[in-house]
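Report on the structure given below.
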Amino acid sequence: MIADGRTALYRALAGIALVAVAAATTAIVRGDPDLALAGESGAALAAELAAAALAVAAAVVTWRAGFIFPVLLATAALAWLVAEWNAPAAGPAFTAGLVLYAAWPPLLAAAALRGLDERPFDRPAAVLLALSFGTAVVLLGLASAAVFDPEARGCVQCPANLLLIADAPGLGDALGRAGLALTAIWTAAFAVLAAARIVGASPARRRLAAPVLLPAVAAVALFGADALHGLDRGFISNDPTDRAMRLAEASALALVAAGVALARLRTRRTRAALARLVLDIGAAPAPGELRARLADSLGDPSLELLHRLEGGEWIDADGRVTELPAAGEREATRVHAGGEEMMAVVHRPGLLDDPALVSELVTMASLALMHERLHASRRARLEELRASRARIVAAADTERRTLERDLHDGAQQRLVAVALAIRLARHRIAAADPTLDTGLAAAEARVRAAAVELRDVAHGLFPTVLADEGLRAALEELSEHTPQLVPRALPAGRFAGEVESAAYFAAVESLRLADHEVTVDAVVENGHLRVVIGAGTVLDGAMIQIRDRVGAAGGTVAARDGELRLEMPCAS
Amino acid sequence: MRVVIADDEALLREGLARLLEDAGFEIAGRCGDADALLHMVEVRRPDVAIVDIRMPPNQGDDGLLAAQEIRRRHPDVGVLVLSHYLDSRYAARLLEDVPERAGYLLKDRVSEVAVIADALRRIGEGECVIDPTIVSRLVARKRARGPLDVLTGREREVLALVAEGRSNGAIGEQLFLSRKTVDAHISQIFLKLDLREAPEDHRRVLAVLAFLRSG
């Protein structure tokens, strides 16, 4: 990430402040090791300085305009060193040391509660922080300093306390004890609040927050324990226990820095995975590929992508209209781009809880997402078209069946009855009149011929056997009418009406155009009915009708070498 | 011979009744739907019931269902189904339960009173009758395996007449062959097609029909 000028300036300032405070602290500790928390040990001082440096470094790498966490963390790190300044060697900084020696735990607690995800302080956090700063800076700092005269307490080499109003040892002790007791209380409360946060968080947020929050709790709790240790005497001193605590606090502070690094590493890894994803699939991913890759890189195989149409409804990758899941087992994270809701990622609860992750997702994958979205909406339109074509074909078939029935039950019946009536007339009236009988016989023959023709027409409209018994029976029956049809291996099962009629009428159309035998083979494979119609001729003329019917059934047609290959999805 | 006629088309029903009366049949009853037919057969016990395949209440194959019901309840009552459909499957359905005293003719034959009368008589004698048009279509059908190619032209003629339900004697008469020759042809056909010869003529029809209908 390229830092802008302002960020670079802040980073430089943080570095300079660290160097200055560290130098001053070293001078103060070295000036009078007996009175320092680090003591004589160079290693202890080095540990103190290293912890502060690591924390400032962690703050610097996470620095972003408007972010509060890095500021709080850097300030806490510097205040951590200032805890050494209430010593005689501090010179003009002595008063600052008196006021701020207990300021780092509240600052660290504030940083930890803010977190890397810049969570606004909620009410419990705000109350806790008010209590902690009041205790540390007002009670143990300002108020205690106001009644503390170092010279009167026997520290002749101490610099002047600039905040001194009047020395009051009794009041000072009372303030100190109260402050330490309150410190023990707020640090414990902080630990409880942090624990509640971690337990209540979604897995994703927990992964992000815990590495920072847990070491911060440890550091603050150690300080709270040290406050309890000093409760009797009324102040935090530098006895061996205090010094051991200080070292442990240094480790915890270093761990906070490590936690920041770990969380950043994780974010970076996710980002890298997303970047790889975009590189891999390029700007034109295969349908559904984006989903698979996202599921893979985010570790949720059940992840789904939904897209929002202009009309406001949601569609899935296949273009089917669907609903966002209600809260519960699945969670939908809505993704906005260009100020409008573009898609939703449906996933395990908490998977995309990290807002940074979602924003990464949008920026890194927006091209691919846009493509996927276009693809899905195209699929939606295609699906709509297919459905409307299917409706048209179905309506036409219903019409044909009705017509077939009407012809059978109506016109054909009547014609047969008329033929019969003519025959009766011949029997009864015309028997004696040969001329009349000849005329009536001719009329009868014509009417009967008409009845036969009508039967064939009605049958061609929509054979009842197709609806009653399915494709195989219908084709076999058709071969009784039309000897050049040769049905071969055909599945006996039933399929959806549009699939059966598409296959049947493809055979009928092929028969109409072919001059030779027409063979029909069909087989069910992988949920598809594959039909091969061998006609030995080019069937161009029939293609449009056949394509319409097969397309309405969601299938495809291929014509090659006098063969027609239909493939339609079937549930059977 | 006593006959009942069931057809929802009144003109056709009455016309057929007249023609059959003229030809010497006794019309024992007429009705227009399947339920009335079943009742009429129960009460009047005709020799043969003439049934239109498509009748109320459903206008589907109610007539065929009624015919099958008559076959089951009264095996001694013959059934002649008149149909608009050339499909052999309806004929096969009619014969599959009780393959005797049953006939399946195309409806446009009703004015050919000789054909109807012949069919009624044969049914009365226990034979079965299949419309020649349906049989000839079955025989002419192209087949993937071509099993009929092994037959001679004469054998195919005999086979068609067997499928129509003709007895050996009737086949001989029609083709001007001696009874012995017909018997020999039939044995040869059954041998070539690997069919088992049934003792009764009507069982034989069923076997041949099933053979012709299969791929």
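What follows draws every value from the coordinates through simple rules; no lab data is involved. A quick note: this is a predicted structure, and the numbers were derived from the prediction, not measured. Cβ coordinates were reconstructed from backbone atoms using ideal geometry, including for glycine residues, and neighbour counts include every protein chain displayed.
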Q) Quick one: A:S41, A:S297, fewest Cβ neighbours within 10 Å first, how do they rank? A) A:S41, A:S297
Q) Could you give the nm distance between label points at A:I544 and A:A20, where each point is 7 Å from its Cα heading toward the beta carbon? A) 8.7
Q | Cβ-based exposure ranking for A:I165, A:I28, in which fewest neighbours within 10 Å come first | A | A:I165, A:I28
Q) Just for the protein assembly as shown, what percent of DSSP beta bridges are antiparallel, to the closest 5? A) 60
Q. B:V43 to A:L382: FRET efficiency via 1/(1 + (r/R0)^6), r the Cβ-Cβ distance, R0 60 Å, to the nearest 0.05?
A. 0.40
Q.
Can you compute the equivalent ellipsoid semi-axes for segment A:5-270, i.e. the square root of 5 times each eigenvalue of the Cα gyration tensor, sorted largest first and rounded to whole Å?
A. 31, 21, 16
Q) When the dipole is taken about the Cα centre of the protein assembly as shown, and only Lys, Arg (+1) and Asp, Glu (-1) are charged at their Cβ, what size is it in debye, to the nearest 20? A) 980
Q) Per Stokes-Einstein, at 4 °C and 1.567 mPa s, what whole-number D in µm² s⁻¹ belongs to segment A:469-572, with the Kirkwood radius over Cα pairs as the hydrodynamic radius? A) 98
**Q.** Relative contact order (%) - criterion: Cα under 8 Å, at least six apart; region: segment B:72-145
**A.** 34
Q.
For q values of 0.07, 0.09 Å⁻¹, compute log₁₀ I(q)/I(0) with the Debye formula on a Cα-only model of chain B, without solvent.
A. -0.21, -0.35
Q. Relative contact order (percent) for segment A:62-141, with alpha-carbon contacts under 8 angstrom and 6 or more residues of separation?
A. 32
Q) Of all chymotrypsin sites (Phe, Trp or Tyr not before Pro) in segment A:1-81, which ones are in loop regions per DSSP and have a Cβ with at most 16 other Cβ atoms within 10 Å? A) A:F67
(Q) Projecting each Cα onto the charge dipole of the protein assembly as shown (Lys/Arg +1, Asp/Glu -1 at the beta carbon, about the Cα centre), which of A:A390, B:I171, B:S88 comes out farthest on the positive side? (A) A:A390
Q | Packing-based exposure ordering (other Cβ within 10 Å, fewest first) of B:H84, A:H516 | A | A:H516, B:H84
Q. Got a sec to turn the phi values of segment B:176-191 into Karplus ³J(HN,Hα) couplings, 6.51 cos²θ - 1.76 cosθ + 1.60 with θ = phi - 60°, whole Hz, x for Gly and Pro?
A. 6, 10, 6, 4, 5, 4, 4, 4, 5, 4, 5, 4, 4, 4, 5, 5
(Q) Under the 0.36 nm per residue contour assumption, what length would be gained going from the current alpha-carbon distance of A:A326 and A:D300 to full extension? (A) 7.5 nm
Q | Relative contact order of chain A, pairs being alpha-carbon contacts under 8 Å that are 6 or more residues apart, as % | A | 8
(Q) Is the C-alpha gyration tensor of segment B:2-130 telling us rounded, prolate or oblate? Criteria: a/c under 1.5 is rounded; beyond that, a/b larger than b/c is prolate, otherwise oblate. (A) rounded
(Q) What's the whole-number percent of alpha carbon pairs in the protein assembly as shown lying beyond 33 angstrom? (A) 69
Q) To the nearest 20 debye, what is the magnitude of the charge dipole of chain B about its Cα centre, counting +1 on the Cβ of each Lys and Arg and -1 on the Cβ of each Asp and Glu? A) 840
Q: Express in whole angstrom the spacing between the alpha-carbon centres of segment A:499-517 and segment A:54-94.
A: 86
Q.
Just to be sure I understand the model, the point goes 7 Å from the Cα along the line to the Cβ. What's the resulting B:R154 to A:R391 distance in nm?
A. 6.6
Q | Lone cysteines, chain A (no partner Cβ under 4.7 Å) | A | A:C570
**Q.** Furthest towards positive pole of dipole, A:S237, A:A145, A:A417, structure part chain A, Cβ charges
**A.** A:A145
**Q.** For segment A:63-221, size of Cβ-based charge dipole, Lys and Arg +1, Asp and Glu -1, in debye
**A.** 820
